[in-house]
Every structure is written in C-alpha cells, then in structure tokens.
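Here's the structure, in structure tokens; my notes come after.
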Amino acid sequence: VAEVRHLYIMKKVTGVITPIMLELFTKQEEDIDDDEWSMDAAAHVFLENLAVCVGDDVVPIVLPFVQQHINSPKWNFRDAAVTAFGFIMDGPSDRIIDPIIGQAMATIITLSQDPHEHVAHSSLWTLAKVCETHKTAIPQPCIEPMIASIIAALDRNSSKVQGKACLAVHNLAWACEEAADKPTNLLSLFWSAVVQKVLTVASAYSHQDKEADNTLNAYEAVNM
C-alpha cells in the first residue's frame, strides 16, 4: 500500500476561512424551514466537518466568536454563537473542550429558555449535542437546571422547540445508558415528569401529518 502524504491543507487555512464561515452563521432568516438549504446551513456543515478535520485547532478560532456574541442583544448573534459551539463538539479532544463545556453549560441552559424561538431551538440542540458527545463534561450542579429547562421547552408553544427538546431527552437518556442496570441514575428523579411531558408532545402531534417528525422524535425519546 502506497504511503499517503498528508498536506494538512485545512489546518493551514483554518484561521483564514473559519471567520468567514462564522460571519455566515449570523445571516440566518427567521422564517426559513429546517430542511431548506441556505448559506448559513452550508456554513454549519462546513464548520462541523472542519472541526472533525483539524480537531483542537478549531477551538481558539471559534471560541472568541462564541464568547463575543453569546449574550448579544441581537437574536441572530446569540443564535450564531450557540450554534457554532454545538457544531465543533465532534472535533476537539476531551482535554481541550470539556473544561470549556463546563464553563458554558449554565449559559447554554439559560439560552434554551430564550424568548426567541431560533435561539431556544439552537440551544436545545447544542445541549443534546453535548449529551451525545461529551456527557462527562456536564457539571453535576447543571443537571437539574438542564432537565428543568428541557421540561419547560416541552411545554412551549413551538413545534421547533419541542422537537429539539425531545432530542435533548433522547440524548440525555442515551448518556445514562451505562447506568441503566443500576438502582438509580441522574434521570431517576425526573423520569415521571419528563416522560409525561414527552408523551403529551407525541399526543398533540399524532394527528398532524406536517408534524409527524415530532411524534416520532417524542416516541424515540421515551424509548431511549
């Protein structure tokens, strides 16, 4: 087998191209459908793949953007910041990203209750992404507020927000999988409240074809 010569092209251009992609994160439209292709959606895919490609190198470039805009008075900048953070979860090492997640969790939980639908939607997705990829990085004091925020999102009058709340329940349950045979785990105290809310979502959308995904998301969350 011939030896592959790696040129590390993306590592060399990460510092130049990433800020351009992050700028596109702020160009999202309020009324666009999740399934529609757009410039900011393309930037999301790019950043996710870039993070996997360059690993730890993406953090010092994306993190200042997140810190600068995470509490912005403009919804599109808050949304861009929390979304950018979620899209680098798959790349950096635990050693680098876990402490940052620990520091950011309280803010992300707060944003999951944001009045703007897009920000709440993106923040819940980021919480779900953290549960999926870096569950051990979640500080213990954040567990109860996180679950409370997810339950509140399941009550929210927004199918988009409820859908991502179901995903967060699904991934949080998956994060507890190793403790499934133990007498108790971090979900035990909240089991009844969470399942009742998720089943309420499933029931609400079960006769609406356009929201069939939410019904499926809800039942998958309960199943997990």
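Once both axes come from the Cα atoms, what is the angle between helix 59-69 and the longest principal axis of the chain, in degrees from 0 to 90, rounded to 10?
In the chain, helix 59-69 runs at an angle near 60 degrees to the longest axis.
Let me know the shape class of the stretch 101-224, please: from the alpha-carbon gyration tensor, a ≥ b ≥ c as square roots of the eigenvalues, rounded when a/c is under 1.5, otherwise prolate if a/b is greater than b/c, or oblate. It would help to have the intermediate numbers written out before the result.
Details: a/c = 1.93, a/b = 1.22, b/c = 1.59.
It is oblate, given that a/c is not under 1.5 and a/b is not larger than b/c.
Once you've got the GNM for the chain with C-alpha springs shorter than 10 Å, pick whichever of 155, 94, 181 has the biggest mean-square fluctuation.
Evaluated over the chain, the most mobile residue of the options is 181.
Angle between the Cα long axis of helix 94-111 and the longest principal axis of the chain, 0 to 90 degrees, nearest 10?
50 degrees
With Cβ to Cβ distances under 12 Å as the rule, what net charge do the other residues near residue 86 carry (K, R +1; D, E -1)? Before the final figure, lay out each step's value.
Numbers: positive: 129, 164; negative: 48, 79, 90, 132.
Value of the local net charge: -2.
For the stretch 58-184, calculate the relative contact order in percent as a whole number, restricting contacts to Cα pairs under 8 Å that are 6 or more residues apart.
Values: 149 pairs, mean separation 29.4, N = 127.
Value for the stretch 58-184: 23 percent.
What nm value, rounded to one decimal, do you get for the distance between residue 3 and residue 16 when each label is placed 7 Å out toward the C-beta?
Each label point is offset 7 Å from its Cα along the Cβ direction, giving 2.8 nm.
Which of 184, 110, 18 moves the most in a Gaussian network model of the chain with Cα springs under 10 Å?
Of the options given, 184 has the highest mean-square fluctuation.
Please label the shape of the stretch 1-106 as rounded, prolate or oblate, based on the square roots a ≥ b ≥ c of the eigenvalues of the alpha-carbon gyration tensor (a/c under 1.5 means rounded; beyond that, a/b larger than b/c means prolate, else oblate).
Working: a/c = 2.16, a/b = 1.39, b/c = 1.55.
Verdict is oblate for the stretch 1-106.
Could you give the angle, 0 to 90 degrees to the nearest 10, between helix 9-25's Cα long axis and the longest principal axis of the Cα atoms of the chain?
Helix 9-25 sits at roughly 50 degrees to that axis.
Exposed loop GluC sites (Glu not before Pro) only (DSSP loop, at most 14 other Cβ atoms within 10 Å): please give the longest stretch of the chain free of them, not including the sites. Mind showing how you got there, number by number?
Values: sites that count: 3, 29, 30, 36.
The longest such stretch corresponds to 37-224.
If I build a Gaussian network model for the chain, linking alpha-carbon pairs within less than 10 angstrom, which residue out of 70, 88, 17 has the largest mean-square fluctuation?
Result: 17 has the largest fluctuation of those listed.
Provide the FRET efficiency to the nearest 0.05 for the residue 110-residue 53 pair, computing r from the beta carbons and using R0 = 30 Å. Each step should come with its number before you reach the end.
Working: r = 31 Å, r/R0 = 1.04.
Computed FRET efficiency for residue 110 and residue 53: 0.45.
Please report the relative contact order for the stretch 147-224, taking Cα pairs under 8 Å with a sequence separation of at least 6, and give it as a percent rounded to a whole number.
Working: 75 pairs, mean separation 29.1, N = 78.
RCO, the stretch 147-224: 37 percent.
Hand me the trypsin sites (Lys or Arg not before Pro) from the stretch 58-124 located in a DSSP loop with no more than 12 other Cβ atoms within 10 Å, in residue order please.
Working: sites: 74, 78, 95; in loops: 74.
The qualifying sites are 74.
Counting each DSSP H run of 4 or more residues in the chain as -39500 (n - 2.57), what helix-only mean residue ellipticity at 222 nm follows after dividing by all residues, to the nearest 500 deg cm²/dmol? Walk me through the numbers on the way to the answer.
Details: 10 runs with 151 residues, N = 224.
The helix-only estimate for the chain comes to -22000 deg cm²/dmol at 222 nm.
Report the calculated FRET efficiency for residue 220 and residue 29 (r = Cβ-Cβ distance, R0 = 35 Å), to the nearest 0.05. Display every interim value, and only then the final one.
Working: r = 29 Å, r/R0 = 0.81.
So the FRET efficiency works out to roughly 0.75.
Give the separation of the Cα centroids, the stretch 115-156 to the stretch 5-71, in Å.
21 Å
Pairs on different chains or at least eight residues apart, Cα atoms closer than 29 Å: how many lysine pairs in the chain fit?
The number of close lysine pairs in the chain is 29.
None of the figures in this text is laboratory data; all of them are computed from the coordinates on show. All values derive from a computational prediction rather than experimental measurement. Using ideal geometry, Cβ is built from the backbone for each residue, glycine included, and neighbour counts are taken over all protein chains shown.
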